[in-house]
Amino acid sequence: MPGQTMQFVDGRSYETMMGLWSAEVGNAFLDWLDMPAGKRWIDVGCGNGASTELLVKRAEPASIEALDPSAQQLEFARQRHTSGVANFRIGTADDLPFSDDEFDVALMALVIFFVPDANAAVDEMARVVRRGGKVAAYAWDILGGGFPYETTHKAMSAAGIPPILPPHPEAADLGALEKLWSDAGLADVATRTIDVSRVYPTFDEYWTVSTSAPGISQVLNQLSAEDVAGIRTRVQEMTGQGPVTIKARAHAVKGTVTH
């Protein structure tokens with residue numbers, strides 16, 4: 001709807017809607033990043049802690065500083081965190097509350113299309129990472145149809161009721177990511193596409209989960225039951241009754257700090 005932005009405040013709902021997808025793409029991303037254990041990480045835009053917990057499990061970090069602008073999301077992240085490796089705090093990507101060269105790796109997971117000034121955010125990540133460290137990110141290819149709930153997006157748009165998208169989906173384009181990292185003075189910049197998929201046992205399960213996504217639910221909640229039913233029918237025509245196999249695609253980037 002005009003004037004609306006996505007609102008991520010419910011950590012538990014986000015986990016159902018995006019947590020499993022985040023793990024699918026995050027596992028492939030961390031394999032590609034290939035960082036040794038014992039590193040100091042910063043998780044920029046950690047949300048409900050899905051990316052942070054994946055780092056704990058997969059990267060064996062010495063420490064993680066995780067920050068996000070949402071107090072509600074951070075509260076969920078703190079509650080789920082049991083290893084004690086991570087510290088959670090309020091913060092924004094374009095003004096990181098850390099000194100230069102504090103970290104070995106900076107990660108931004110499924111966030112860059114929400115950042116008001118992506119150039120400033122990448123500059124900040126590069127600033128707080130030591131020489132030879134890594135700055136990396138991944139995000140859904142929304143403009144290329146890679147969002148996990150693209151089918152529902154299409155049905156809404158076909159009905160003349162488009163969903164709310166992140167404010168800067170163009171930032172996740174492979175070319176845009178490469179330019180952002182190069183403009184920040186990072187070396188050995190590399191990008192890749194990560195394709196993942198999930199199977200929902202029934203259409204009803206896919207519909208329930210997809211319509212919990214903020215950019216979808218915020219719109220559907222303002223529609224009549226008849227309009228929602230029409231969109232549901234369009235989605236089911238595209239997916240079938242089930243099992244429903246959904247494919248998604250993310251773009252990833254990494255670079256080395258040289259300062």
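Details
- Of the DSSP H helices in the chain, those whose Cα atoms cover at least 15 Å axially and whose Kyte score averages 0.5 or more: 20-33
- If R0 equals 30 Å, the separation of the Cβ atoms of THR208 and GLU178 corresponds to a calculated FRET efficiency of about 0.20.
- Subset of LYS179/LYS247; LYS39/LYS254; LYS57/LYS179; LYS154/LYS179 violating a 20 Å alpha-carbon distance limit: LYS179/LYS247; LYS57/LYS179; LYS154/LYS179
- For TRP181, net neighbour charge (Lys/Arg +1, Asp/Glu -1) across residues whose Cβ lies under 11 Å away: -1
- Label zone of ALA187 (point 7 Å out along Cα→Cβ, amide N under 12 Å): in region 116-147 this covers 131-133.
- Cα gyration tensor of region 11-256 - equivalent ellipsoid semi-axes, whole Å, descending: 32, 19, 16
- Each of GLN222 and LYS247 was given a label point 7 Å from its Cα along the Cα-to-Cβ line. The distance between the two points is 3.3 nm.
- Size descriptor for region 128-208, Kirkwood hydrodynamic radius: 15.3 Å (Cα pairs only, one decimal).
- The chain - percent relative contact order, Cα under 8 Å, separation 6 or more: 22
Each value in this text was obtained by applying a stated rule to the coordinates, not by laboratory testing. Everything numeric here is computed off the predicted structure, so don't read it as measured data. All Cβ positions, glycine included, derive from the backbone under ideal geometry; neighbour counts span all protein chains shown.
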